[in-house]
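Structure record follows, encoded as structure tokens.
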């Protein structure tokens, strides 16, 4: 059989990794696929200086549209990122009848609906395994492996930078800003770290997972997003003392009222596997009604780990080239005519447990006052941690763990607690999930 | 589109679970597949007494061959287990041009080559996701998700019974026999627990994983298999003290000399995720050259967890019904004409690290004697743990951790150590892997 021709847009970290792995493992891939995959056309910046592909055999260009319009290219692999040029290129590729593989979560999360509709109309594949959790085949697991299940919830560590920072803070008692600087120096975090540490990148990925899990439209704009920049070593330590770890999780859950879609720091019991996923690694816990909890772990970023997912998508795309349209795996997991309009819940309507920390004056009755307010709002306290004041200090740290309660009730209770004379400053609140 | 008709062989634990989940989640499955899956014919013992499927709509029989020969059945789901009748039924189903889904690891491990050849000749699918790690989609992950990688090694907890026993021994300091009895009472272990605790079940699963990972024939008979029945609470505790946990692992690794294929108790560092997989849960760690380590975790057994994998296979089979043969996922991951004849290594030729425990007389020079023997065999000692003798005792427990060495060298060294006058009884040896 003749080789499949791939046009590569971008020869940076992931593009370079993809070309490297395709060349290095060509024989192994052909043993599995029965067909060679050939990089025939590559677009990149300063492409004349590249040393990864052989310029005698591969067309090189700085104009990505040349690749997308090349009639010899079967599959366009978009690895330039962003959602302006990338969107135009992907739409043009689809319009030209080419299959598309992309690692671009921002693109799928924000323009996925339009892209998938165009692809379905043209009968081409759009594959995006690398867009969530890098090399971990989580899209395949949710979309195919779990296909027998009503998926109930997903909780994932889907941003390696954030997980690296929280791991360092916990292991070494360091401050957020200090670790962030190191992450930037190591190349784990961008110069502008907002996307990673404020949870936007995780929200992109989570909205893709939610669509696949529940058969709803991509709804990135409705994802509640809270970052880790306000987490302090104090909270990391108290959590630890209470048997928990703080992880930056993307959580989506189907409830009777709608779908929760939220990214925020979360206390989880430290004996959970997810609590033991450290450093830049990613892991996603998926709970299906039949299978129960399943977890998928691996590198969420990096040149070759991401390439692993990109190339798996190329292979899957080749395998589905002649498949009957009725029988293909739907691009978003559910048949387009079977998508549900289940609403995404506002964060106020989400129910979760909480870790609360406040500074209280060291005098009798404070705990009674605070407890009473929570009781009035029907919030049960699960655990209390109160430390003796530091010598010469008049304030004590009071930490409460609550049972599950709707966020709006918690907001009302916190407002009242903060108004107490004996409470100084605001109440620090971190959501808590038991994941069982 | 008309419904796909499924014939179910067996309505016991997994068969009942499969029927239950297919009925309960019929709408969700159809949203994904775009087509209904209908159980049309079921064979089972005492079938007249069953209450899961509606006898007004489903043909029932005690003769499984009636299902296999039913011209209306598209896919035969074999859930009766064993490899005598099950093999005849599967071969007959293939001969009748039907696709087959099975959860039967013993069948695939021992007769898989013949079954796959027959299936390829007839152009039908044989799917067996449920045969390894129950509900965890590990076959799909290795065969498709990792398809870009040269897989280097796999290490898995792939028998829940064994993992439950080792977890209880560690958490509660209990003896093997004692926990085994409880596992039997709980229904986790069979009346004859040999398959589980002596590693035969794990060896079946491992030989399937090795075939998928490396493109070699199924070679269950060449798998080195050692059970957990000789593990003592003593060793569990010493391992813990040294920073390790004992897990019953299936390990397969590609080396320059051949492929390691071995099931045995193994010390692994306790900070590894795999070391934290407890109770009846399964987890498989797969190391690919591009992606690095990935881990897949979930329920390895149970009615609905196994059903989750069986039904995912039915869905995949329907999706591939019209696919071009050249483009289908090969049944064993590699194209039949691209299988390698890489030899499976004898255990003597395998290289691993070791935990060794011996009873030594409490007198000067013992450690020097022992160390000298290991040095002569070029075995490096990584760590030594020697406890003071119990009051009134003359023997001390001496524990050594070694670096990696070929098993035959270790055998020779142990023989010499055991011959020393100052060493009482045999040397207990447990292999050790760092999994990095």
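Just so it is clear, none of the values below were taken in a lab; they were calculated from the coordinates. Model, not experiment: these values are computed from the prediction. Positions of Cβ are backbone-derived with ideal geometry, glycine not excepted, and every protein chain shown enters the neighbour counts.
Observations on the structure shown:
- Ranked by how many other beta carbons lie within 10 Å on average, peptides B:152-160, A:343-351, B:9-17 from highest: B:152-160, B:9-17, A:343-351
- Region B:138-299 - share of DSSP beta bridges that are antiparallel (%, nearest 5): 95 percent
- Among B:391, B:226, B:38: highest mean-square fluctuation, GNM of chain B, C-alpha pairs under 10 Å: B:391
- Shortest-first distances to equivalent copies, position residue B:96, nm, label 7 Å out along Cβ: 5.0
- Cα-based radius of gyration of region A:4-127 once divided by 2.2 N^0.38 Å, which approximates compact folds: 1.01
- For chain B, built as a Gaussian network whose Cα springs stay under 10 Å, the top-fluctuating residue of B:416, B:175, B:217: B:416
- Label-zone membership for region B:372-396, site residue B:420, 7 angstrom Cα→C-beta point, backbone N under 15 Å: B:372-387, B:395-396
- In whole angstrom, chain A maps to an equivalent ellipsoid with semi-axes of 46, 23, 17, each derived as √(5λ) from the alpha carbon gyration tensor and ordered largest first.
- Taking 7 Å steps out from each Cα toward its Cβ at residue A:95 and residue A:221 produces label points 2.3 nm apart.
- Kirkwood hydrodynamic radius over Cα pairs of region A:117-173, then Stokes diffusion coefficient at 37 °C and 0.692 mPa s, in µm²/s: 230 µm²/s
- Most simply put, the protein assembly as shown has about 65% antiparallel DSSP beta bridges, counting only bridges with both residues inside it.
- Projecting the alpha carbon convex hull of the protein assembly as shown along each direction and taking the average yields 40.7 nm².
- The peptide list A:303-315, B:246-258, put in order of mean Cβ contacts within 10 Å with the highest first, becomes A:303-315, B:246-258.
- Inter-chain Cβ neighbour average for residues B:17-29, partner chain, 10 Å: 3
- Position residue A:240, label points 7 Å along Cα→Cβ, spacing to each other copy in nm (shortest first, one decimal): 2.2
- The tail of the calculated P(r) for region B:351-432, taken as Cα-Cα distances beyond 21 Å, holds 21 percent of the pairs.
- Choice from B:51, B:225, B:113 with maximal GNM fluctuation in chain B (Cα, 10 Å cutoff): B:51
- Plainly put, the tip 7 Å out from Cα toward Cβ on residue A:279 is 2.9 nm from that tip on each other copy, the closest given first.
- Global size of region B:152-287: 14.5, 45 Å for Rg and Dmax (C-alpha atoms, Rg to one decimal, Dmax whole).
- Antiparallel bridge percentage (DSSP; both residues within chain B; nearest 5): 65 percent
- Rg/Rh for region A:215-348, where both radii come from Cα atoms and Rh is the Kirkwood radius: 1.02
- The Rg/Rh ratio of region B:290-436, with Rg taken over Cα atoms and Rh as the Kirkwood radius over Cα pairs, comes to 1.23.
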